[in-house]
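Student: My questions will all concern the structure given below.
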């Protein structure tokens, strides 16, 4: 759709895509906000399907920010035999484990579990039915995009038990050094080369993988190409969020991990408060560490709405146009 609010001739994309690229929300959330009138472009209410360029101001109203701040992200220690997403072939989806009775007793989040936790909760990164470990389920499209989006660089760490061929001898003793080199770099899946990976022996029967991509059954298929058979796979980390001591079959909210989450929020380009970090409580727990309010250094309570300012290189002055300087000031 043509953008009637813009006079630029720069390349354009759909507004929902642009908002996703900027990390404001997911495309689905963007469409919902646009429909509710919570998104403005160049000071006017946005239209569904409109095109925008890098020169356009995109404003998100405080109603959308408040709604986004209530999004829940859950960490689950998925057992074997559960599928990550929808039920398939008679197997139970992992989300059914997210119930009050399965909440980890050491999750100190002062929020009572409700069925609202389950509404729109979706896995950000799959785990095979025969794999176990850390599964992130979130209602927040920003977190999902950063963890599993096409441009995601978030590391995922796995512990993988393997056998070499049909032998029961320790795999490390039987596996040729060249196989380990190929696992690190040189393999392809689905006709495309894989990104470099960190792969090393943890003990004679277990490898440690650190990947920055996530193709379907990637580790199992990589191992098959070099003669290794995976007999156990456990994900223990995504970015700076670790499985830790979370018991099998139990879950906790993401913020309860504390300080590592602040680092993750900064890495994701998000305000800590926007993904559930209670800043005041963290300051009390860790008085010796500087805890930022948010990446931009502004108080959330005073922020009327978030504004994406256009790229200065693309800014164009128009006759009679008053440039927005931020916080409602104009010149």
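Student: Could you count how many residues in region 80-96 are loosely packed, with under 14 Cβ neighbours inside 10 Å and either closer than 21 Å to residue 158 by Cα or at pLDDT 95 or above (or both)?
Tutor: The qualifying residues number 2.
Student: Across region 90-108, what is the number of residues that are in contact (Cβ under 8 Å) with a residue 60 or more places away in the chain and closer than 29 Å to residue 27 by Cβ?
Tutor: 2
Student: Within region 110-123, track down each residue that is touching a residue at least 40 places away in the same chain (Cβ under 8 Å) and buried (at least 16 other Cβ atoms within 10 Å of the Cβ).
Tutor: 117, 121
Student: Taking residue 201 and the conditions (1) in contact with a helix residue (DSSP H, G or I) (Cβ under 8 Å, 6 or more places away or on another chain); (2) buried (at least 16 other Cβ atoms within 10 Å of the Cβ), which numbered condition does it fall short on, given that it satisfies the others?
Tutor: The number of the failed condition is (2).
The values are calculated or read from the model by the stated rules, or taken from the named source; none is laboratory data. Model, not experiment: these values are computed from the prediction. Ideal geometry is used to build each Cβ from the backbone, glycine not excepted, and the neighbour counts take in all protein chains shown.
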